[in-house]
Amino acid sequence: MADIKYLAGLDIDGNITLNGNQLVGAAINSGTSNPSGVTGQLFYNTGDDKLKIYNDSGNWVNVGEDDTNNFVNGGSFSGGTLTLTRSGLGDLTYTGFLQIGTTSTTALAGNTTTISSAQATKLGHISVSQAVNLDTMETGIATNASNISSNTSNISTNTSNISSNTSSISSNSTNIANNSSNISTNSDDISDLDDSISDLQSDVSTNTSNISSNTTAIAAKVAKAGDTMTGFLTLHADPTSDLHAATKGYVDDSITGQLIYQGGYDASAAPPSGSTVKKGFTYTVTTAGDGNGFFSIPLEIGDLIIAETDSPSDEDDWTEVNKNVDLATTSTVGVASFSSSNFAVSAAGEVTVKNNGIALGAETIGDYVETLAGGTNVSVTGSSGEGAALTVSVSNSSIDSRITGRQYSGLIGGSTSVDVVSSTHGLGTDSSQFMIQLIEVSSGETVHAEVTRGSSGKVTVGFTSNPGTNAIRILINKIG
C-alpha cells in the first residue's frame, strides 16, 4: 500500500495509536534549552547533549537518572566500615561489620562478644548468625555427654525390672484362661436351651400372623352375590359380549363424534369451558349476544354452538350454527354475494378479483392520482386517464449540468501558499460547503496539506516546501 504524503506539518490534538507498528525515521524534538512539557514528553537538549524526559514532578530529567541525582556511583570497605558514595549527595557510612582475618578481631554488630584467635580455629565449617562464646559452648557439650551416660545406666536397670514383672503377668494370664474356658462351656449349654424355646415361640407367632393375614384377605374380597366397592375397578379389556362390563375408554370412543345436548346457553357471557366440557357438547342459544366478545359474529336466539374439542378455550374450538343470518350491510355483518363479472369464487370459497374487475369510477378523490405533470428538467408522457402507462424521463444533459456545476478541478503549485478564489472555481462564496482533495500529478497519489477555507469562497492551500508549478491537482466538490 502506498504511503500517505503530507506536504505540510500536522497539528494533532488527539493521540496517535500505531498498533504495534514502527515509527520509522523519526527524530526527537531538540533545542538548546528545555521547553515547557507534559508528563512523559521527550526532548533532546543540544546544550548538554542529553536525552531528557518530563516526569510527573514537573521536571526535565536525563534519561536513566532521577530528578535528585540520588544514586550510588561508588563504594569502599575498610576494617569493619562500608562507605558508599552518591552522585550529588553525601557519602553513606556503615560500621560494625565482622572482618575475617588472621591478626585482628572486630566486635559483631549489636553485641559485645568477641571471637578470639583461639576460638576462631574452633569455628570450622559452623555458620553462626550471631556472636557466641565457643569455650562456653564446649563445656556445655561435655556436661551433656556425662548426663546422657548416667541416663543410659538407669534405663538398663528399669528394663530388667520390667522383664521380671512380665513373667509373673504371663502365669496369671494362663490361670484366667483356664477358668474362662470352663465358663464358656457352661454358657453354650444354656444357650442351646434358649434357642429351642425361641424356635417354639417363633412357630407360634408365625401361625398367628398367617391366621390374621387370611382373615384380612377374605374381608377384602367382593362377594359373588353382590357387594359395594370402595375404590375403582380396572377391567383387563373392552367388552366382547352384551353382558360384559364396559370400560370408560370404550364408552368414550363409542360416543365420540355424536352430539350431546347440554341445554340452553346465554350468549351475553362466554361459552362453557374447562375439563368438564367435552367434544360434541351442544348448546342452544337462549339469549342473543357475542359471548362478551368471545365470538366474532353475534349469535341469535335459536342458534347452536357445538364443541369441536375437549376443554374448548377459543372461538376456533366451537362451531356456530346460525339459523337466521341476514344479508350483510355497510354496518351489519351478514351474508354477502359477489358479481361474477368482477369476481371469481372457488369451490373452497376463496374470492379473487378478475382482471379489470374493479372500476375506480369518475370520482376525483381517493388514494389515487388522476393526472401526473412534469417539472423542471423532468418530462412525463401518458400522464392521465384510468390505467394509463406513465413514462417519466430526465435528459442526461440536465443531470450532467447539475453535477458538473458543483465541481471544480485545477492545477496549483509554484509556492508554499496558493489561493483558489470563488471567481476561479465558480462554486459560490460559502467555502464551508467545499469538500477538497489534493492529488500529486506525477504519481497520482493523494497528498495532504494545510487547507484553509476562508471568506467569500476563498480556499488557501499551504505546503511546507514548494511542490513545484502545477504539481498538485485540486478537486473541489460543493456539498449542500
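The values are calculated or read from the model by the stated rules, or taken from the named source; none is laboratory data. Since this is a predicted model, take the numbers as computed values, not measurements. Neighbour counts are summed over all protein chains in view; Cβ atoms, including those assigned to glycine, are modelled from backbone coordinates with ideal geometry.
For the range 248-281, the set of residues classified as farther than 14 Å from THR309 by Cβ and modelled with pLDDT of 85 or more consists of TYR261, GLN262, GLY263, GLY264, TYR265, ASP266, ALA267, SER268, ALA269, ALA270, listed by residue number. Assessment of the range 2-24 against the conditions (of a type in the set (Ser, Thr, Tyr) and within 26 Å of GLY444 (Cα to Cα)) yields at least one matching residue. In this structure, LYS323 does satisfy being at pLDDT below 85, under 18 Å from TYR261 (Cα atoms) and either in the same structural domain as ASP252 (by TED's automatic domain parsing) or surrounded by fewer than 16 Cβ atoms within 10 Å (Cβ to Cβ) (or both).
Yes/no matrix, rows are residues, columns are (1) in the same structural domain as SER401 (by TED's automatic domain parsing); (2) in contact with a strand residue (DSSP E or B) (Cβ under 6 Å, 6 or more places away or on another chain); (3) touching a residue at least 40 places away in the same chain (Cβ under 8 Å):
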site: VAL421; (1), (2), (3): yes, no, no
site: THR424; (1), (2), (3): yes, no, no
site: SER431; (1), (2), (3): yes, yes, no
site: VAL441; (1), (2), (3): yes, yes, no
site: THR452; (1), (2), (3): yes, yes, no
site: GLY457; (1), (2), (3): yes, no, no
site: PRO467; (1), (2), (3): yes, no, yes
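Name the residue, out of SER268, SER241, SER275, SER254, that is on the phi < 0 side of the Ramachandran plot, loosely packed, with under 10 Cβ neighbours inside 10 Å and assigned by TED's automatic domain parsing to the domain that holds ILE305. Unique residue meeting the criteria: SER275. Considering SER273, SER268, the condition of being within 21 Å of PRO312 (Cα to Cα), polar (S, T, N, Q) and in contact (Cβ under 8 Å) with a residue 40 or more places away in the chain is satisfied by SER273 alone.
In the range 463-474, the condition of being of a type in the set (Lys, Arg), at pLDDT 95 or above and farther than 14 Å from LEU7 by Cα is met by no residue. Taken together, the criteria exclude GLY58 from residues that are modelled with pLDDT under 75, farther than 29 Å from ASN466 by Cβ and surrounded by 10 or more Cβ atoms within 10 Å (Cβ to Cβ). Test each condition in (1) without any contact (Cβ under 8 Å) to a residue 12 or more places away in the chain; (2) touching a Phe, Trp or Tyr at 6+ places or on another chain (Cβ under 7 Å) for HIS448 and report the one that comes out false. With (1) without any contact (Cβ under 8 Å) to a residue 12 or more places away in the chain; (2) touching a Phe, Trp or Tyr at 6+ places or on another chain (Cβ under 7 Å) applied to HIS448, the lone miss is (1).
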